[in-house]
1. At a 4.7 angstrom Cβ threshold, list every cysteine in the chain that has nobody to pair with, or say none.
2. Expected output is a single nm value to one decimal: the length gained when fully extending between Lys164 and Arg88, i.e. 0.36 nm times separation in residues minus the C-alpha distance. What is it?
3. Determine the gain in length on full extension of the stretch Asp98-Asn209; use 0.36 nm per residue of separation and subtract their C-alpha separation, reporting nm with one decimal.
4. Given labels modelled 7 Å from the Cα in the Cβ direction, how far is it in nm from Lys124 to Asn112?
5. Pick out, from Val104, Gly134, Tyr146, the residue whose Cα sits farthest towards the positive end of the charge dipole of the chain, with +1 on the Cβ of Lys and Arg and -1 on the Cβ of Asp and Glu.
6. Taking the alpha-carbon centroid of each part, what is the distance from the stretch 6-59 to the stretch 182-226 in angstrom?
7. Classify the stretch 90-171 as rounded, prolate or oblate, taking a ≥ b ≥ c as the square roots of the eigenvalues of its Cα gyration tensor: rounded when a/c is under 1.5, otherwise prolate if a/b is larger than b/c and oblate if not.
8. Treating the angle as unsigned and between 0 and 90°, give the value, to the nearest 10°, between the Cα long axis of helix 73-91 and the longest Cα principal axis of the chain.
Amino acid sequence: MNKTKYINSCNPAAVIFDLDGVITDTAEYHYQAWRRMAEEEELSFSRQDNEKLRGVSRRASLELILKGKELPENKKLELMERKNNYYREQIKTISDDDILPGAVDKLNQLKNAGVKLALASASKNARDIIENLGIEDYFEVVADGYSVEKTKPAPDLFLYAAEKLNLLPSCCIVVEDAEAGITAAVSAGMYTVGIGPSARVGRADLVYNSVAEIEIPEMLALLEKR
Ligand code: BG6
Ligand code: MG
C-alpha cells in the first residue's frame, strides 16, 4: 500500500469503528439479555424484532420492544436496568478470544498506514468491553453512550469523535454493522463501510460480509473521492 498517498490526501485520515457487531459479537448478548427481560414481562420479541435494535441506544431499544405499549417512567428504568444487568453478566467473561476474526489485523494495518483510530459505540458498556478485549490502546478517541445525548441514527456520536480527533468529517471513514450506524455516519458527512448483508448496510460506500474481508487499500481509496 502507498502509505504517503493516503496520509497526504487527508493529513491524516481516521477510521472510526463501531464496536458491537464489528469488533466483537456482543449483538448476540444484547439479544439474549433483551429476550430474557421480554419473556419475564410477557412481551413478544423475536430475532427479527432484534434486527431493528442493532446500533440503537438502550432506551430506543426498549421502546421498540414495547411496540407502543405505555409504561410509567420508573418501570421503564427498571426494565432497562434489569436488561443491562443480564447483559453485564454475559460480558463479564469477554476476553481477546471474543474479538471477531481479522479485526486486530485490520487495526494493525491501519495503524501502520498512519491512520488514526477511534471507536464510536452507542453503548455505555463500550469502555469495559474494549478493556476486556485488550484493545483499548488502539484508539485515540473513544466515543460511547455517555459522550452525546442523541446517539445513532443521529450523527452526533461520529461528529464528537471527529472533533476529538481534530479532523474534518470528510477525512473519516466509519465501519458499521447497523443500518442506524450507516445513517448516522452518512448524516455526519463521513465515508461508510458496511459489515453484513446489503439489506442492512447496503447504503454504505463499500460493503463486506465481515471485518476480515475488508480490503484496506480499497477502503482508504474512498478518501480520494474528496
Ligand atoms: C449498541 C448496540 O452498540 O449499543 C445496541 O448495537 C445497544 O444493541 C446499544 O442497545 C446500547 O448499549 P448499552 O450497553 O448502553 O445498553
Ligand atoms: Mg454495531
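1. So far as the 4.7 Å Cβ criterion goes, Cys172 stand without a partner in the chain.
2. Here the answer is 24.6 nm.
3. 38.2 nm
4. Roughly 4.0 nm, to one decimal.
5. Ranked along the dipole, the leading option is Tyr146.
6. 17
7. oblate
8. 60
The values are calculated or read from the model by the stated rules, or taken from the named source; none is laboratory data. Please read these numbers as outputs of a predicted model, since none were measured by experiment. In this analysis, Cβ positions are derived from the backbone assuming ideal geometry, glycine residues included, and neighbour counts consider all displayed protein chains. Side chains included, ligands, DNA and RNA excluded: accessible areas come from the protein's heavy atoms. Shrake-Rupley method; radii C 1.70, N 1.55, O 1.52, S 1.80 Å.
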